[in-house]
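Visitor: Could you have a look at this structure, given as structure tokens, before my questions?
The values are calculated or read from the model by the stated rules, or taken from the named source; none is laboratory data. Note that this is a predicted model, so its numbers are computed, not measured. Neighbour counts are summed over all protein chains in view; Cβ atoms, including those assigned to glycine, are modelled from backbone coordinates with ideal geometry. Ligands, DNA and RNA are excluded from the accessible area calculation, which covers all protein heavy atoms including side chains. Shrake-Rupley method; radii C 1.70, N 1.55, O 1.52, S 1.80 Å.
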Amino acid sequence: MKSILSIPLIWLVRFYQAAISPYTPSTCRYSPTCSQYTIEALQKHGVFYGSWLAIKRIFSCNPWGGSGYDPVPEKKAKSSK
């Protein structure tokens, strides 16, 4: 887990997955789904960059956006100078 700040956001997404998503039509054009992508991004990158990745992904999930397999990007290694 990247940070304790991401835990409430992950709970919110898990609530959506359990309580709301089963009652709406499946419309995500990507794999993994946008909600699973959000959880993975928050776990891997933390609350700020993970949220940014999730927002970008959700806004691109439309008929004019992309589709297909789109995993969460790996963390960039910090270079030592």
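Visitor: Expressed as a rounded percentage, what relative contact order does the chain have, with Cα pairs under 8 Å and six or more residues apart?
Guide: Relative contact order comes out at 36 percent.
Visitor: Next up: Compute the FRET efficiency between Tyr23 and Trp52 as 1/(1 + (r/R0)^6), taking r as their Cβ-Cβ distance and R0 = 35 Å, and round to the nearest 0.05.
Guide: 0.80
Visitor: Nearest 0.05, what FRET efficiency do Tyr69 and Ile4 give at R0 = 35 Å with Cβ-Cβ as r?
Guide: Once the sixth-power term is evaluated, E becomes 0.70.
Visitor: With a Cα-only, solvent-free Debye model of segment 29-71, what are the log10 I(q)/I(0) values at q = 0.18, 0.22, 0.34 Å⁻¹?
Guide: One equal scatterer on each Cα of segment 29-71 leads to -0.44, -0.63, -1.19.
Visitor: Suppose a student asked you for the relative contact order of segment 29-71, using Cα pairs under 8 Å spaced at least 6 residues apart; what percent would you report?
Guide: 57 percent.
Visitor: Kindly provide the chymotrypsin sites (Phe, Trp or Tyr not before Pro) of the chain that DSSP labels as loop, not H, G, I, E or B, and whose Cβ sees at most 11 other Cβ atoms within 10 Å.
Guide: Trp64
Visitor: Over segment 1-73, with the other protein chains present, what is the accessible area per residue in square angstrom, probe 1.4 angstrom?
Guide: Spelled out: the 1.4 Å probe surface of segment 1-73, per residue, equals 66 Å².
Visitor: Below 19 Å Cα-Cα, how many Lys pairs turn up in the chain? Only count pairs eight or more apart in sequence, or on different chains, if you could.
Guide: Lysine pair count for the chain: 10.
Visitor: Can you divide the C-alpha Rg of segment 1-48 by 2.2 N^0.38 Å and report the result to two decimal places?
Guide: 1.18
Visitor: Still on this model: Only four residue types carry charge here, +1 at the Cβ of Lys and Arg and -1 at the Cβ of Asp and Glu. Report the dipole size of the chain about the Cα centre in Debye, rounded to the nearest 20.
Guide: 380
Visitor: Right, here's the next one. Using Cα-only point scatterers and the Debye equation, what is log10 of I(q)/I(0) for the chain at each q in 0.19 Å⁻¹, rounded to two decimals?
Guide: Evaluating at q = 0.19 Å⁻¹ gives log10 I(q)/I(0) of -0.84.
Visitor: Now a separate question. Of the heavy-atom accessible surface of segment 1-61 (probe 1.4 angstrom), what whole percent is carbon and sulfur? It would help to have the intermediate numbers written out before the result.
Guide: Working: 2700 of 3960 Å².
Taking all protein chains in place, segment 1-61 shows 68 percent carbon and sulfur surface.
Visitor: Relative to the longest principal axis of the C-alpha atoms of the chain, give the angle of the C-alpha long axis of helix 6-15, reported between 0 and 90° and rounded to the nearest 10°.
Guide: The two axes meet at around 10 degrees.
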